[in-house]
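The values are calculated or read from the model by the stated rules, or taken from the named source; none is laboratory data. Quick caveat: nothing in here was measured; it's all calculated off a predicted structure. In this analysis, Cβ positions are derived from the backbone assuming ideal geometry, glycine residues included, and neighbour counts consider all displayed protein chains.
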Amino acid sequence: MGDSSAPNGVIDTSANRSVCWVAPKTLEIQHREVGEISDDEVLLEVITTGICGSDAHVWASNPAKAPPVLGHESAGKIIKVGSKVTDRVVGQRVAIEPGFACMKCEFCIRGQPNVCANLAYCGHTENGTLTRFFKCPPHMTVPLPDSVSFKEAGCIQPLAIAVQLGRRANMRAHQTVAVFGCGPLGLLVMAVARAYGVRKIIAFDVEQSRVDFAVKYNADIGVVSPMNTESVEPLKFATDFMEEVMKKHGLGSGVDLTIEASGAEPCVQMAVLLTKPGGTIMAAGLGKPLTSVPLFQFTAKDLTMKGTVRYTPGCFADAVDLLERKAVDLAPLITSTYPLTKASEAFEAQAARQDIKIVIMNQE
């Protein structure tokens, strides 16, 4: 970790290296002015930042409003507090909650800031956290115990999303749970399901290596989903495969809860077929704007499907609690780290799906 202290012990924020988007698939390390914090803000020395698929999407695209600074999954320590801040102290270790909800719209008022009508977000609509120093309101910081490493803390934001999914799904100990998609979100959902004591977890993915990882991590059963290369009618293809899976693995009439974390249309169809009558499907993967669903089977089986996005109040604290109690272990998911100065390489690796989870060390 680099030393950001001046000789007199005062933090020198003038060398605020930041990862900036300048064109599709092109990043630059620029020095960005931090500025003075207001009376009701805190200044953070950002230590770690995880990157995810949405970061890679911004990196590769040409958005209408590209934030100069990317990043939103971060943790660090407080190095300065405004005069009106009473619930945070210098030296405190924190994770950063990256959403700026207005707390005034109808959705925020009813406790759903995750779908705030005026939501702004670090690294998407606002400057992000892939920077050495970052200022924000204190309520956007979540205290961390010393037992949670900064490397793990760089992954708390996606864990909070998995916690929210568990809440929305009413995940319970007796359930059998299927997860389509063994990327970071799917794996974190499996980790939360295991922490909640579900009876059995079945993991699906098209890549053998990801299925193998899921089984080593938390899944009881791993299934490699075949590709429909022979142009079989999609519903017949999905039906035949799900019948084969249920028979082979003794799933009876299906699973209680299915998490669709891939966004792939065939997986949505398989989820309807795999979920037992009266069961629940959670749609968490972002796929095509229009996806075909076998509505007859969905209706005849009296299924419930819910969408889920981001997190709601308390999810970050619950995620920290899971880590503190060792109920969830994030370390196996972090397969590579990069210094901030090599962020371009990190984003290229993310886009190439070379890793499960990449964490950038912001002070290096």
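Points worth noting:
- Residue match in segment 260-283 (condition: touching a residue at least 60 places away in the same chain (Cβ under 8 Å), in contact with a Cys (Cβ under 7 Å, 6 or more places away or on another chain) and outside the structural domain of Met140 (by TED's automatic domain parsing)): yes
- Against the conditions (1) crowded, with 17+ Cβ neighbours inside 10 Å; (2) of a type in the set (A, V, I, L, M); (3) in the same structural domain as Ile334 (by TED's automatic domain parsing), Ala117 satisfies every one except (1).
- Odd one out for Leu165, checked against (1) hydrophobic (A, V, I, L, M, F, W, C); (2) part of a helix (DSSP H, G or I); (3) closer than 24 Å to Gln92 by Cα: (3)
- Filter result for Val148 (assigned to a loop (DSSP other than H, G, I, E, B), closer than 29 Å to Thr86 by Cβ and not basic (Lys, Arg)): yes
- Residue within segment 306-328 that is over 20 Å from Pro98 (Cβ atoms), out of contact with any Cys (no Cβ under 9 Å at 6 or more places or on another chain) and assigned to a strand (DSSP E or B) present: yes
- Residues of segment 255-310 that turn out to be under 24 Å from the mean Cα position of the chain (by Cα) and among the charged types (D, E, K, R), as a count: 6
- In segment 203-231, the residues that are touching a helix residue (DSSP H, G or I) at 6+ places or on another chain (Cβ under 8 Å), free of Cβ contacts under 8 Å to residues at least 60 places away in the same chain and not charged (D, E, K, R): Ala203, Ala214, Asn218, Ala219, Ile221, Gly222, Val223, Val224, Ser225, Pro226, Asn228
- Condition broken by Thr86, with the remaining ones in (1) over 19 Å from Gly314 (Cβ atoms); (2) of a type in the set (S, T, N, Q); (3) not in a loop (DSSP other than H, G, I, E, B) satisfied: (3)
- Filtered by the rule that a residue be hydroxyl-bearing (Ser, Thr, Tyr), surrounded by 24 or more Cβ atoms within 10 Å (Cβ to Cβ) and within 17 Å of Lys301 (Cβ to Cβ), segment 245-286 gives Thr258, Thr275.
- Look at (1) farther than 28 Å from Gly285 by Cβ; (2) surrounded by 13 or more Cβ atoms within 10 Å (Cβ to Cβ); (3) at pLDDT 95 or above and you find that Lys84 fails only one, number (2).
- The residue of segment 120-145 that is farthest from the chain's Cα centre (by Cα), among those that are surrounded by 17 or more Cβ atoms within 10 Å (Cβ to Cβ) and assigned to a helix (DSSP H, G or I), is Pro138.
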